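Report on one structure; see the data block that follows.
Here, each number is a calculation from the coordinates, and none is a lab measurement. Everything numeric in this text was worked out from a predicted model, so none of it was measured. Here the Cβ positions follow ideal geometry from the backbone for every residue, glycine too, while neighbour counts run over all protein chains shown.
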Amino acid sequence: MSPSRNRDDFCYRHPQAESFVLCQRCGNTICPACQTQAPVGFHCPDCSGVKAKSGLGGALRRGGTRLVAQGTRPTATYVLLGIVVAVYLGQLLTGGFLTQLLLYWPPLTAIEPWRMLTTIFVHSSSSVFHILFNGYSLFILGTLVERLIGPGRFVTLFLFSGFGGSVLVLLLSPASAVVGASGAIFGLFGALFVIQRSFGGANTQLLIVLGLNLVMGFIVPGISWQAHIGGLITGAMVANVMVKTRGEEPRRQRQGLALLGVGLVALTVVGAVV
């Protein structure tokens with residue numbers, strides 16, 4: 001049995017061209033031939049004023065231009081931001097107790113492995129700039145990436161990336177206690193790079209921003225570059241699975257992500273034992 005076709009997964013000008021790239025202004029699904037590079041993401045021909053390239057053999061769908069597709073509101077991003085803010089307020093109100101309860105410290109991996117994920121939502125209570133920077137980054141990147149892949153895949157990507165960041169901290173800096181969503185946020189960078197590249201989009205601006213943020217992790221004290229790189233690599237791998245299995249049966253994507261999860265767990269076991 002072949003998977004059902006969701007019309008929102010096909011270009012609004014070329015109905016035979018499958019895509020999960022959305023115009024950042026109106027939310028229309030657009031194929032590579034209809035994408036115009038914008039400062040962030042892509043615009044459709046109607047929003048950019050550029051006539052769509054020919055060659056894909058599809059006609060403009062009757063009924064006019066579709067507005068933002070149902071379900072493309074970045075709800076998951078807003079929920080994650082809400083959790084981050086709520087946890088931060090809890091940290092302040094409990095005088096650091098919640099911080100100690102949820103942060104990740106590698107020696108505790110064997111007995112409290114959940115910290116590898118809960119640390120994503122914890123931030124430094126001594127500097128409000130930590131949560132402000134990560135919160136703003138999550139809002140900008142999250143709303144963009146979630147519109148490209150949907151809320152379910154976005155949450156999966158975010159959690160996998162945060163987990164991957166903790167794994168590399170365990171392997172390369174096992175004596176460090178870490179907090180923050182930066183590993184997961186770097187995973188969004190990695191995913192956006194893979195998605196744009198898969199559709200032939202220009203990545204120059206993204207690479208510049210990513211490079212500057214990576215350099216900061218090495219020169220600014222107190223930043224875990226291990227979490228950044230671990231999240232970046234994991235996010236890119238998750239996005240690669242999603243791109244490669246696009247249009248196939250959903251179980252193929254689930255299998256690919258499950259295999260990646262098993263690999264991360266295996267590395268965790270190795271790091272915790274050794």
Given H placed on each backbone N at 1.01 Å, which residues far from PHE10 in sequence or on other chains put an amide H within less than 5 Å of it? SER19
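Listed highest first by mean packing, meaning other Cβ atoms within 10 Å per residue, what order do 185-193, 173-181 come in?
Working: 185-193: 26.8, 173-181: 19.1.
Taking the mean over residues of other Cβ atoms within 10 Å, the ranking is 185-193, 173-181.
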Anisotropy class of the range 76-132 from Cα gyration tensor, a/c 1.5 cut: oblate
Skipping prolines and chain starts, which residues have an amide H placed within reach, meaning under 5 Å, of the one on VAL122, given they are 5 or more residues away or on another chain? GLY180
Mean Cβ neighbour count within 10 Å, used as a protection proxy, ranking 234-242, 260-268, 119-127 highest first: 234-242, 119-127, 260-268
Global geometry of the range 75-273, whether rounded, prolate or oblate, following the gyration tensor of its Cα atoms and the 1.5 cut on a/c: prolate
Karplus ³J(HN,Hα) for the range 254-269 (6.51 cos²θ - 1.76 cosθ + 1.60, θ = phi - 60°; Hz, whole; x = Gly/Pro) runs 4, 5, x, 5, 5, 5, 5, x, 4, x, 5, 5, 4, 5, 5, 4
Once each part is reduced to its C-alpha centroid, what is the distance from the range 226-266 to the range 119-164 in angstrom? 17 Å
Under the rule rounded for a/c under 1.5, else prolate if a/b exceeds b/c, else oblate, using alpha carbon gyration tensor axes a ≥ b ≥ c, the range 193-274 is classed as oblate
